[in-house]
Ligand SMILES: Nc1ncnc2c1ncn2[C@@H]1O[C@H](COP(=O)(O)OP(=O)(O)OP(=O)(O)O)[C@@H](O)[C@H]1O
Ligand SMILES: [Mg+2]
């Protein structure tokens, strides 16, 4: 299988690990996706690079792939496609005014046009972080449009694969209540894969154990710590600033809930009948600090799931801190928040 090359810590490296995810992608390529697949997970866990690798897997298998990354920094990364559908892409781009401001419509249009014009093609639509780009309020609409493409194609096709990634905490609340999409969590790297990334970084560096304890296997967190000269305090502070934790006003009751959640995120499951707990859970999810693990079923995961309980990393059966750094940012915020 061809491995894509990705940027990690200022260098170009080969896509690492994620063997289980690659096998799952192979299976999806074999049968097509139904319904739409939404891959969701902690920020920086590796969704974007997995989607890039998915493109390679699918193209290896003869798929015509249209890939959009609306938030890409470089313009020519916003829309990418297999050269075999260049004519289709040009036609669609020409038919939509200001296509780059409606890139999700463009991608769906390209897939439809490919199904219409090619002979029983295998088509894949891969969308990176579209909900963040179009706003979660539109997420439902787009997922429905993607499902329509699968269910009511404008011509006959071989297989269709639709994979959308999201790092928005509220994704599941918005889309999960419909049966338009199947959710899969991509968790941070397992220990082996993380070790391979750690080994790529030059010394001096903290021990592998220490890097693991802070990042919980999150590759972006590792990359950031390296880039900042292993300044853990700075990394915690960055999270606090990004999530507005420094001005987070919590009541005395909420503070008590948070203190418990710091020790054990599954508190939110056990005490879900309490309104204050539910409200805090919603905030922690919306602020992208905690991930709700709604199902421990093997099929709910892309790649390997984290253990059902890892007190050190803040992982429970039902809820998990995105990384220990996130948990620490909340812990410190509690010391200064107004009660
Ligand atoms: N399997 C992997 N092999 C090599 N590098 C990886 C792998 N997974 C992640 N990385 C690196 O870790 C960093 C974060 O990955 P990526 O951008 O894919 O995360 P993400 O989940 O898309 O983040 P966000 O939630 O911000 O969109 C990148 O520098 C990426 O190159
Ligand atoms: Mg991403």
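Read-outs throughout are calculated quantities, based only on the coordinates presented, and are distinct from any laboratory measurement. Since the model is a prediction, treat every value here as computed from it, not as a measurement. Here the Cβ is made from the backbone with ideal geometry for all residues, glycine too, and neighbour counts use every protein chain on show.
Between helix 86-95 and the chain there is an angle of about 80 degrees, using the helix long axis and the longest principal axis of the Cα atoms. Here the relative contact order of the chain, from alpha carbon pairs under 8 Å that lie six or more residues apart, stands at 21 percent. Note that region 101-177 carries a Kirkwood radius of 12.9 Å, evaluated over its alpha carbons pair by pair. Working from Cα pairs under 8 Å separated by at least six residues, relative contact order for region 231-336 is 35 percent.
Peptides 90-99, 16-25, 306-315, 32-41 ranked from most to least packed give 32-41, 16-25, 306-315, 90-99, packing being the mean of other C-beta atoms within 10 angstrom over each peptide's residues. Directionally averaged projected area (region 1-43, Cα convex hull): 4.2 nm².
State the percent of C-alpha pairs, over all pairs in the chain, separated by a distance greater than 39 angstrom. In whole percent, the long-distance tail amounts to 16.
Across region 5-186, the relative contact order, built from alpha-carbon pairs under 8 Å that are at least six residues apart, equals 32 percent. Under 13 Å from a point 7 Å along the Cα-to-Cβ line of residue 138: which residues of region 44-70 have their amide N that close? 70, by backbone N distance to the label point.
Against the chain, whose longest principal axis comes from its Cα atoms, helix 136-151 is set at around 40 degrees. How many percent of Cα pairs in region 231-336 exceed 25 Å? More than 25 Å apart: 18 percent of the Cα pairs in region 231-336.
Computed from Cα atoms, the angle from the helix 19-31 axis to the main principal axis of the chain rounds to 30 degrees. With the highest mean first, a sort of the peptides 246-254, 49-57 on other beta-carbon atoms found within 10 angstrom per residue produces 49-57, 246-254. When only alpha carbons are used to place a centre, region 278-339 and region 39-110 end up 31 Å from one another.
Averaging over all projection directions, the Cα-based convex hull of region 5-186 occupies 10.0 nm² in the image plane. Let me have the 222 nm mean residue ellipticity of the chain computed from DSSP H runs of 4+ only, each contributing -39500 (n - 2.57), with the sum over all residues rounded to the nearest 500. Estimated from H runs of four or more residues: -14000 deg cm²/dmol.
Annotation: peptides 195-202, 211-218, ranked by per-residue average of other Cβ atoms within 10 Å with the highest first, follow the order 211-218, 195-202.
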